[in-house]
Amino acid sequence: MSSQGLFIVLEGIDGSGTTTQVRRLHQRLVSEGFQARSTREPSDGPIGLLLRQMLSGEPHWTRWSTMALLFAADRSHHVESEIEPWLAQGAIVLSDRYDASSLAYQSATSSDEADALGWICELNRHVRRPDLTLVLDVDADVASARRAERGEPAQLYERMELQQKLAVFYRDLARWMPNDRIVRIDGQGTVEEVEARVYEVVVKLAARVRSEAT
Ligand code: TYD
């Protein structure tokens, strides 16, 4: 396989299915003989751990700018400790969320979105760009019903009004990341249907990586 690897990110609102689809895509790629690794943000590193505590309500300082700085620091460490070493081995690296989440969530919770977006882009300027970002497009009410089904305690950003705003933002993500390859996928329907849509897009790029290696 190419020593460049392939870096693919899945994004969407809470309940859009990124975690499920990253897991399924990873399994499918491995079963098809690809070298694939999966990861997530917040990461499993020390800053990611702190962020997960904050998302579930402890500690209580969660100003958008504090969150943007911590997410950017977590990402920088995540890229250095996992993503780049795996890509250097030629792997297909799948991440459940990346900097599009910072653009979406931290700007949507700021007092001046346009100003926040510029600053968040700048904070993330030195992290590696994904080869592909897939946005799972799901209506906020469908995602909310899925979260209710999971029955887990609500996290920091899981309010209906905010989720509606985020869904609109994600539909227009390419505007904020004009140099990235972004593909919107219909995230509604069964898990299997969405999995098939995701795989159809990914396999074209994955095949390219495989052919470069032979
Ligand atoms: P989620 O991906 O749903 O993880 P889990 O399934 O473990 O609960 O939750 C992560 C939350 O963090 C989600 O609400 C989005 C938010 N987030 C940001 O606000 N900014 C970011 O940069 C990232 C990566 C995530």
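No lab work stands behind these numbers, since they all come straight from the coordinates. No experiment lies behind these values; they were computed from the predicted model shown. FYI the Cβ positions are ideal-geometry reconstructions off the backbone, even for glycines, and counts take in every protein chain you see.
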Those residues that are more than 19 Å from the chain's Cα centre (by Cα) and surrounded by 12 or more Cβ atoms within 10 Å (Cβ to Cβ), I need them from region 53-62; list them, please.
GLY57, THR62
Could you tell me whether region 152-161 includes any residue that is within 18 Å of SER65 (Cα to Cα), of a type in the set (A, V, I, L, M, F, W, C), surrounded by fewer than 19 Cβ atoms within 10 Å (Cβ to Cβ) and in contact with a helix residue (DSSP H, G or I) (Cβ under 9 Å, 6 or more places away or on another chain)?
yes
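Per-residue answers, yes or no, for (1) within 17 Å of ASN124 (Cα to Cα); (2) out of contact with any Asp or Glu (no Cβ under 9 Å at 6 or more places or on another chain); (3) acidic (Asp, Glu):
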| site | (1), (2), (3) |
| --- | --- |
| GLY15 | no, no, no |
| GLN27 | no, yes, no |
| PHE34 | no, yes, no |
| THR39 | no, no, no |
| PRO42 | yes, no, no |
| ILE47 | yes, no, no |
| LEU50 | no, no, no |
| THR62 | no, yes, no |
| SER101 | yes, no, no |
Is it the case that some residue within region 29-36 is more than 9 Å from the ligand (Cβ to nearest atom) and under 18 Å from ASP74 (Cα atoms)?
no
Hey, GLN164 in a loop (DSSP other than H, G, I, E, B), within 18 Å of the chain's Cα centre (by Cα) and without any contact (Cβ under 8 Å) to a residue 60 or more places away in the chain or not
no
Filter region 96-116 down to the residues that are away from the ligand (no atom under 13 Å from the Cβ) and assigned to a helix (DSSP H, G or I), then identify the one that is surrounded by the most Cβ atoms within 10 Å (Cβ to Cβ).
GLU113
Please tell me if ALA88 is within 14 Å of the ligand (Cβ to nearest atom) and farther than 13 Å from VAL9 by Cα.
no
Go through region 1-91 and tell me which helices (runs of 4 or more DSSP H), entirely inside it, have 3 or more residues that are charged (D, E, K, R).
18-31
